[in-house]
1. Is there any pair with a first residue in region 206-218 that is under 18 Å from Phe258 (Cβ atoms) and a second that is acidic (Asp, Glu) and open to solvent by 10 Å² or more (accessible area, probe 1.4 Å) whose Cβ atoms are under 8 Å apart and which are 6 or more apart or on different chains, and what are they?
2. Please enumerate the residues belonging to region 1-47 that are of a type in the set (Phe, Trp, Tyr) and touching a residue at least 24 places away in the same chain (Cβ under 8 Å).
3. How many residues, within region 40-52, are more than 13 Å from the ligand (Cβ to nearest atom), open to solvent by 20 Å² or more (accessible area, probe 1.4 Å) and closer than 24 Å to Ser220 by Cβ?
4. Look at Asp13 and say whether it is away from the ligand (no atom under 16 Å from the Cβ), modelled with pLDDT of 95 or more and open to solvent by 40 Å² or more (accessible area, probe 1.4 Å).
5. Where residues in region 226-254 are open to solvent by less than 30 Å² (accessible area, probe 1.4 Å) and assigned to a loop (DSSP other than H, G, I, E, B), which of them is nearest to the ligand (Cβ to nearest atom)?
6. Six or more apart or on different chains, Cβ atoms under 6 Å: show the pairs whose first residue is in region 69-85 and over 24 Å from Trp333 (Cβ atoms) and whose second is open to solvent by less than 60 Å² (accessible area, probe 1.4 Å) and of a type in the set (Gly, Ala, Ser).
Amino acid sequence: MYFYPGRVWLDTDGHAIQAHGGGILYDHITAKYYWYGENKDGLTYQTHPKSTNRVDIIGVSCYSSKDLWSWTNEGIVLPGEPTNVTHDLHKSKVLERPKVIYNDHTGQYVMWMHIDDANYTKASVGVAVSTSPSGPFTYLYSFRPHGFESRDMTIFKDDDGSAYLFYSSRDNTELHVSPLTKDYLNIMVAMRRILIRRHREAPAVFKLQGTYYMITSGCSGWAPNRALAHAAESIMGPWETLGNPCVGGNRFFRLTTFLSQSTFVLPLPGLPGTFIFMADRWNPSNLRDSRYVWLPLFIGGLADEPLDYSFGFPAWSRVSIYWHRKWRLPESWKGYT
Ligand code: GAL
């Protein structure tokens, strides 16, 4: 039951897992984890010699697991649209970074995702709903939050049931955060601009003991770059930057987030301060063969190297992501009990 970051990861049918740019939901009703992500199991190509490499939309895949290690394919829970070119999910478009949360009031599973055209000019968020964690999801609509561009994004459900949308905006120069409506199907009027002029994307938000944390990447397309950790007392900001959380491996590894890009941070119930950092090791020439880099993330843990003070003296607990060639969850870990 070892995790091997960067190795091909097979599902229970023996097929490589297709859940890129993904996120995980723990469902208390079925007592299982659900991993949603982009199914990129198609041909990688470019629409113009200068455009970014892409795979046509196949849809959002879903896998379920009890132990976070062995994953059963639940199929494509939100498929791409093969024929109608005006549809947001037409195969020629872009669907990235799907994330799902459960709404306790409506009993619906709500998916938010990045919706775009092949040139990334639509820059919108899309919403889909289901009554079951394993789908099918019904696609509702896409829009630009408060009229602003939205590319890399995530959603975060807080302990009190309120939920928030984080998205890279204004040419990816800044992030915006906005509360979702009570049904999670829309955003509220309130919005804060955070990490202005920092050019951050791929946000992954988590919380420990009343403090909010976020990992982001820089903006270099499919190429990996240095991660940064951020922290805030209020989810709406201000957000402070703590520095590069990556520990171990060699310097090149630490400056490229272990050759990967953040997508989600999963808390481990029963192990306070312990999380799984989930990242994508993109393979731009063959996107279907992009790999997953899952590593332990600790808040407040000791690092094996001196603190990086270039971002100022840290007033917050350290966030550390530790490189491992192979690792596993503690034998005693039973998940939610
Ligand atoms: C990255 C982004 C990915 C994808 C890619 C396309 O910057 O994080 O989700 O959009 O660019 O080149």
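The values are calculated or read from the model by the stated rules, or taken from the named source; none is laboratory data. Given the structure is predicted, the values throughout are model-derived calculations rather than measurements. Heads up, the Cβs are rebuilt from the backbone with ideal geometry, glycines too, and the neighbour counts pull from every protein chain shown. Surface accessibility is based on the protein's heavy atoms, side chains included, excluding ligands, DNA and RNA. Shrake-Rupley method; radii C 1.70, N 1.55, O 1.52, S 1.80 Å.
1. Correct list of pairs: Thr216/Glu201; Ser217/Glu201; Gly218/Glu201.
2. Tyr2, Phe3, Tyr4, Trp9, Tyr26, Tyr33, Tyr34, Trp35, Tyr36
3. Pass one, region 40-52, residues more than 13 Å from the ligand (Cβ to nearest atom): 41-43, 45, 48-49.
Checking which are open to solvent by 20 Å² or more (accessible area, probe 1.4 Å) leaves us with 41, 43, 45, 48-49.
Still in the running and closer than 24 Å to Ser220 by Cβ: 43, 45, 48-49.
Matching residues across region 40-52 total 4.
4. yes
5. Ala227
6. Within 6 Å, the pairs are Ile76/Gly59; Ile76/Ser61; Val77/Gly135; Leu78/Gly59; Leu78/Ala128; Pro79/Gly59; Gly80/Gly59.
For (1) within 30 Å of Gly210 (Cα to Cα); (2) at pLDDT below 95; (3) open to solvent by 20 Å² or more (accessible area, probe 1.4 Å); (4) assigned to a helix (DSSP H, G or I), each residue gets a yes or a no:
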{"position": "Asn84", "(1), (2), (3), (4)": "no, no, yes, no"}
{"position": "His87", "(1), (2), (3), (4)": "no, no, yes, no"}
{"position": "Val100", "(1), (2), (3), (4)": "yes, no, no, no"}
{"position": "Arg151", "(1), (2), (3), (4)": "yes, no, yes, no"}
{"position": "Asp159", "(1), (2), (3), (4)": "yes, no, yes, no"}
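The rows are residues; the columns are (1) among the aliphatic types (A, V, I, L, M); (2) closer than 19 Å to Ala202 by Cβ.
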position: Asp117; (1), (2): no, no
position: Ala128; (1), (2): yes, no
position: Thr138; (1), (2): no, no
position: Phe148; (1), (2): no, yes
